[in-house]
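Notes for the one structure printed next.
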Amino acid sequence: MRKILFLLSLVILISCDSNQDQPEPLKIIPQPVSYEVHSDFFKIDKETKIWLEGDVDLSSEADYLTEILNESTGFALPIIKDEQRSNVIILKGEKGFGTGNEAYDLDVSSKKIVIRASHKAGVFYGIQTLLQLFPPEVYVRFADQSEIKIPACSISDHPRFEWRGMHLDVSRHFFPVTFIKKYIDLIAMHKMNRFHWHLTDDNGWRIEIKKYPKLTEVAAWRVDREHESWKDASSPQPNEKATYGGFYTQDEIKEVVKYAAVRHVEVIPEIEMPGHTSEVFAAYPELSCTGEQLYVQPGNYWPNIDIFCAGKEETFDFIENVLTEVIDLFPSEYVHIGGDEATKDRWKACPLCQKRMKDEGLANEDELQSWFIKRVEKYLNENGKKLIGWDEIIDGGLAPEATVMSWRGFEGGIKAAETGHDVVMCPTSYCYFDYYQADPDFEPEAIGGLTTLKEVYSFEPVPSELNTSQAEHIVGAQGNLWTEYVATPEHAEYMVLPRMTALAEVVWSPIEKRDWTEFLTRLQNQFKRFDKLKLNYSQGSFKVDIQPSWVDGKYRIALETEQLNPEIRYNLSGQSLMTDYQVYEHPITIDSSVVVQAAIFADDSVKERPSVKEIEFHMAIGKIGSLKYEPQRNYNAKGVLSLTDGIKGTSEFRDGYWLGFQEEDMVFSLDLEQPVEIHEISFSFLQNVGSWILLPEKIHVEIFDADLQKQADTLITPETMPEVAGTLIEDYNTTFDGISGSVIRIMAENPGKLPSWHPYEGNRAWIFTDEIVLR
């Protein structure tokens, strides 16, 4: 017996030692396709060398790596071409290796590090992974050069999508070349490969065009209204000088393009047309329909009515001359021509535009825009470039070879992919990094919206509506930073970091490798790197999401957050969380109406404001109804369960409690399984005119018995109030004198299209609803 106990103890000890020796998982972002961690490590010292091997010129990649390592280690690591088998970093170019130009293998042992790829780009991304295996000090200077160790591992990796991009608007606010390079460094660090440079817009022209000097003498400058709010910026005073702005010289652009090329980032220039061009008419008013000389807008400009005249040949002479110089500056495959938000009132009133429509056999102004874009595409194609534009270029007919950037949701991208066009997905709800990323009361002023880190990480670029062949046209995705409310490089960093980190994993890693909790763990290491680089990043949202569920017939509340392992305090008493609280450890079971409040605490202080939710136990709670039409994927909450989970939505329609229906009706049916006495049915709809969310045209409330014989029918006729800015929640109650019913049905009629008073007249309207309460 004693011998058995001894052997058992020995087994336990060995097991414990084995667990202690188990290497930690790698903290790499984006998550690689596959990897193994070994128990050894590679140590860099002053004798380490970098050996270039194979049949691919990797001198640029070697220079990039040595510049970083020489600075951080203090060593002068030589680049050699003669074979060395130990204490060496090998960059190996092997044509035909891997699954595409950006694939790589990285092997680290005690004797050497080997990065192998078929192309320079793959080696570069292997280097980015290698840098993440170093301690975060690799970007600055190691305090102790004797302890620079790299964990032994084997990594095989390649990207999921070809297009992995970030956008930057430099028209609303101008950013210096030094920051543009820093932005490109961030793109490269995240294994992204497209920089979409938004160079022209109503608030300033930012690129030197030698044939048209007034573009940089006049159109690049506006009066300084930085002391005023963007949306209320005042017009220029008589003789007031335009002093705010700037532009990039052609030499500076060449410098940026060269800098990006070393980092395998393709720079995509955007030259807006036919709309977002009013700044041009400050310099060359003859290119507009009216010929009126405008000033460069110092703030918000809407609606966008001053656009290029499509009836004048001078317009196309100007565009082609500008594009000729742009093409010479940018070796990119694509030129972005904008194409968005062009209000066509001027075209409707312009005799030349109307004549153009008649001469070309065009039915309406949408077709005139399509003709305009197709003409520009023809010129680009003849000069070796492809056209890409925002999804409005679909309206009136898509240019034959155009690529679509789908920003107004997924619909434009779906339509383009179904017709064989390539698509870059960047829907506002996931990819607009000018939106708030946490509670607005605790954040710098932003344009609106709410796109949290978790929301970005949940993004799936390929819509389920597409079949396999159509899905191949989704070439990738990108994050967009518009800068109406972003005036400095530090603020720009704050808005994109770490949301671009989440997006980088979305567009690189296999979907099955993505795990939110595990990503948060790896993100902590990324934050250390950001700290060393002195980047101004956001720590994300500290909001606690109160999420209900039914498990084994019990109603439970989970408290979820973007933060990793925070202290969450909660109570059900309504008292202060400072004095009356429990620390959240697992889901809370609830069996009656209650108010839940919860917040993250650090050092005994609350972070942001407590989340508060009133949970009402009504007769429909937990029952599963059905919807005739599914909500849009962006605003699906927990599907039909969200209508009977006891929780109402907030004034933020992106809060995860509202269901959104675009152009379709909301038709909800609920079988109560047995007759019940119904006294009241209540529900809410949300209005946010600026976000295209209107109240329903009509709401029918019906009650049926078990044989589906109608027992009651009530009609409500809401009326959208266009004068109400922001969000309005309208509550509706229908009362009954104790009607016995087994089935209820609520039909809310969507207005369909935005009405004539709306700036986006004719676009598809939304309706939003949350809880259906049955008493």
message: Looking at (1) buried (at least 17 other Cβ atoms within 10 Å of the Cβ); (2) in contact (Cβ under 8 Å) with a residue 60 or more places away in the chain, which one does K43 not meet, given that it meets all the others?
response: (1)
- line: Inside the range 136-171, the number of residues satisfying the requirement of being of a type in the set (D, E, K, R), surrounded by fewer than 22 Cβ atoms within 10 Å (Cβ to Cβ) and not in a helix (DSSP H, G or I) is 5
- request: Pairs only if they're at least six apart or on different chains, beta carbon under 8 angstrom, first in the range 640-662 and more than 15 Å from D545 (Cβ to Cβ), second surrounded by fewer than 20 Cβ atoms within 10 Å (Cβ to Cβ) and basic (K, R); list them, first residue then second.
  value: T644/K623; Q662/R764
Filtered residues of the range 218-228 (kept if within 12 Å of Y244 (Cα to Cα) and either in contact with a Pro (Cβ under 8 Å, 6 or more places away or on another chain) or among the charged types (D, E, K, R) (or both)): R222, V223, D224, R225, E226
Single unsatisfied condition, P238 versus (1) closer than 20 Å to V376 by Cα; (2) modelled with pLDDT under 95: (1)
query: Within the range 593-614, is there a residue that is in contact (Cβ under 8 Å) with a residue 24 or more places away in the chain and in contact with a helix residue (DSSP H, G or I) (Cβ under 6 Å, 6 or more places away or on another chain)?
result: yes
- request: Considering every residue within the range 718-733, establish whether at least one is over 37 Å from the mean Cα position of the chain (by Cα) and not acidic (D, E).
  value: yes
- request: Would you list the helices (runs of 4 or more DSSP H) that sit entirely within the range 438-528 and hold 3 or more residues that are surrounded by 21 or more Cβ atoms within 10 Å (Cβ to Cβ)?
  value: 453-457, 489-496, 499-508
- request: Residues that are at pLDDT 95 or above and among the basic types (K, R): find the helices (runs of 4 or more DSSP H) completely inside the range 271-379 holding 3 or more of those.
  value: 351-360
query: Looking at (1) more than 30 Å from M619 (Cβ to Cβ); (2) of a type in the set (D, E, K, R); (3) crowded, with 18+ Cβ neighbours inside 10 Å, can you tell me which one D545 breaks?
result: (1)
Given (1) on the phi > 0 side of the Ramachandran plot; (2) surrounded by fewer than 21 Cβ atoms within 10 Å (Cβ to Cβ); (3) small (G, A, S), index of the condition G339 fails: (2)
task: Scan the range 108-158 for residues that are in contact with a Phe, Trp or Tyr (Cβ under 8 Å, 6 or more places away or on another chain) and of a type in the set (V, I, T) and jot them down.
output: V108, I113, I115, V123, I127, T129, I148, I150, I155
- request: Name the one entry in D707, D655, D713 that is touching a strand residue (DSSP E or B) at 6+ places or on another chain (Cβ under 7 Å), modelled with pLDDT under 95 and not hydrophobic (A, V, I, L, M, F, W, C).
  value: D713
message: Looking at L77, L26, L65 in this structure, which one is surrounded by 15 or more Cβ atoms within 10 Å (Cβ to Cβ), at pLDDT 90 or above, under 33 Å from the mean Cα position of the chain (by Cα) and part of a loop (DSSP other than H, G, I, E, B)?
response: L26
Flag if D144 is acidic (D, E) and under 22 Å from the mean Cα position of the chain (by Cα): no
- prompt: Taking the range 693-733 on its own, how many of its residues are surrounded by 17 or more Cβ atoms within 10 Å (Cβ to Cβ) and assigned to a loop (DSSP other than H, G, I, E, B)?
  reply: 7
query: Within the range 102-112, can one find any residue that is in a helix (DSSP H, G or I), not hydroxyl-bearing (S, T, Y) and not assigned by TED's automatic domain parsing to the domain that holds Q524?
result: no
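Let's see how each residue does on (1) over 26 Å from the mean Cα position of the chain (by Cα); (2) assigned to a helix (DSSP H, G or I):
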residue: V606; (1), (2): yes, no
residue: R609; (1), (2): no, no
residue: K613; (1), (2): yes, no
residue: F617; (1), (2): yes, no
residue: A620; (1), (2): yes, no
residue: P631; (1), (2): no, no
residue: A637; (1), (2): no, no
residue: S642; (1), (2): no, yes
residue: G646; (1), (2): yes, no
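Yes or no, residue by residue, for (1) in the same structural domain as T483 (by TED's automatic domain parsing); (2) out of contact with any strand residue (DSSP E or B) (no Cβ under 8 Å at 6 or more places or on another chain); (3) in a loop (DSSP other than H, G, I, E, B); (4) charged (D, E, K, R):
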{"position": "I209", "(1), (2), (3), (4)": "yes, yes, yes, no"}
{"position": "E228", "(1), (2), (3), (4)": "yes, yes, yes, yes"}
{"position": "K231", "(1), (2), (3), (4)": "yes, yes, no, yes"}
{"position": "S235", "(1), (2), (3), (4)": "yes, yes, yes, no"}
{"position": "P238", "(1), (2), (3), (4)": "yes, yes, yes, no"}
{"position": "K258", "(1), (2), (3), (4)": "yes, yes, no, yes"}
task: Determine if the range 99-109 includes at least one residue that is modelled with pLDDT under 95 and surrounded by fewer than 17 Cβ atoms within 10 Å (Cβ to Cβ).
output: yes
Residue check, L577 buried (at least 18 other Cβ atoms within 10 Å of the Cβ) and assigned to a strand (DSSP E or B): no
- prompt: Can you name the number of the only condition in (1) surrounded by 19 or more Cβ atoms within 10 Å (Cβ to Cβ); (2) farther than 19 Å from D545 by Cα; (3) aromatic (F, W, Y) that Y629 fails?
  reply: (1)
- prompt: Of everything in the range 276-315 that's surrounded by 17 or more Cβ atoms within 10 Å (Cβ to Cβ) and among the charged types (D, E, K, R), which residue is nearest to S234 (Cα to Cα)?
  reply: E279
- prompt: Which of (1) at pLDDT 95 or above; (2) over 15 Å from N634 (Cβ atoms) is the odd one out, the single condition A477 does not satisfy?
  reply: (2)
- prompt: Limited to the range 393-433, what total is found for residues that are at pLDDT 95 or above, charged (D, E, K, R) and buried (at least 18 other Cβ atoms within 10 Å of the Cβ)?
  reply: 1
query: Out of (1) closer than 30 Å to E61 by Cβ; (2) at pLDDT below 95, what's the single condition that is false for V256?
result: (2)
- request: Could you pull out the residue among F661, F653, F601 that is within 25 Å of V456 (Cα to Cα), part of a loop (DSSP other than H, G, I, E, B), aromatic (F, W, Y) and not assigned by TED's automatic domain parsing to the domain that holds S464?
  value: F653
message: Given the options T216, T249, name the one that is buried (at least 16 other Cβ atoms within 10 Å of the Cβ) and without any contact (Cβ under 8 Å) to a residue 60 or more places away in the chain.
response: T216
message: Based on this model, can you work out whether D185 counts as surrounded by fewer than 19 Cβ atoms within 10 Å (Cβ to Cβ) and not in a loop (DSSP other than H, G, I, E, B)?
response: yes
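The values are calculated or read from the model by the stated rules, or taken from the named source; none is laboratory data. In this text, all values refer to a predicted model and were calculated from it rather than measured experimentally. Cβ sites come from the backbone with ideal geometry, for glycine too, and all protein chains shown count toward neighbours.
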